[in-house]
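The values are calculated or read from the model by the stated rules, or taken from the named source; none is laboratory data. In this text, all values refer to a predicted model and were calculated from it rather than measured experimentally. All Cβ positions, glycine included, derive from the backbone under ideal geometry; neighbour counts span all protein chains shown.
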């Protein structure tokens with residue numbers, strides 16, 4: 001078990017930053033469906049125990065489940081299938097209500113995600129009005145993002161998009177993955193973790 005996460009003294013929050021997958025947009029189960037379909041060909045089960053360990057890392061999936069395919073084949077096949085299912089993603093329960101509330105009360109908020117622009121277009125195409133409410137969306141392929149998540153660079157770039165740039169300790173990040181919570185804390189930002197219900 002890792003060392004306890006640091007718990008800095010709470011500061012007045014002025015700006016919010018959101019992750020997307022599994023937090024605002026219900027896409028995590030789509031990854032599970034696609035990988036299970038691939039694993040079915042090898043009579044293997046892509047269980048939550050495996051998923052929680054690998055977080056869609058292709059080589060680890062192949063090694064743990066002993067799939068008779070290369071990493072490149074798994075990535076290519078999964079990406080092909082994900083392109084078909086991403087447009088079916090729905091908003092997480094309560095997400096729209098919360099974001100509309102923030103906008104109504106003039107609370108600055110934006111999104112920082114590791115997905116590139118093409119991936120976002122597929123996932124968010126049915127929810128353009130919702131995503132238009134965000135002040136800005138930092139993408140993993142943004143020129144100002146030298147390193148995507150879990151590197152803290154994307155969060156720092158996110159903050160600089162505001163004018164004026166808020167102090168890091170006054171930003172509150174919403175994440176659903178422990179490693180990204182740790183990264184957010186390393187920037188000096190405050191964090192709320194909203195874990196998947198399957199995580200114990």
For the range 83-107, the count of residues that are part of a loop (DSSP other than H, G, I, E, B) and surrounded by fewer than 17 Cβ atoms within 10 Å (Cβ to Cβ) equals 5
Query raised in the report: Are any of the residues in the range 111-119 in contact with a helix residue (DSSP H, G or I) (Cβ under 8 Å, 6 or more places away or on another chain), part of a loop (DSSP other than H, G, I, E, B), modelled with pLDDT under 90 and within 19 Å of residue 91 (Cβ to Cβ)?
Result: yes
Within the range 185-194, of all residues that are under 12 Å from residue 16 (Cβ atoms) and within 15 Å of the chain's Cα centre (by Cα), the one surrounded by the fewest Cβ atoms within 10 Å (Cβ to Cβ) is 192
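For every residue, the table says whether it meets (1) assigned by TED's automatic domain parsing to the domain that holds residue 133; (2) more than 20 Å from the chain's Cα centre (by Cα); (3) more than 22 Å from residue 174 (Cα to Cα); (4) at pLDDT below 85.
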residue	(1), (2), (3), (4)
35	no, no, yes, yes
48	no, no, yes, yes
77	no, yes, yes, yes
101	yes, yes, no, no
Just one listed residue, out of 159, 124, is touching a helix residue (DSSP H, G or I) at 6+ places or on another chain (Cβ under 6 Å), surrounded by 18 or more Cβ atoms within 10 Å (Cβ to Cβ) and part of a helix (DSSP H, G or I), and it is 124
Being modelled with pLDDT of 75 or more and not in a loop (DSSP other than H, G, I, E, B) narrows 64, 13 down to just 64
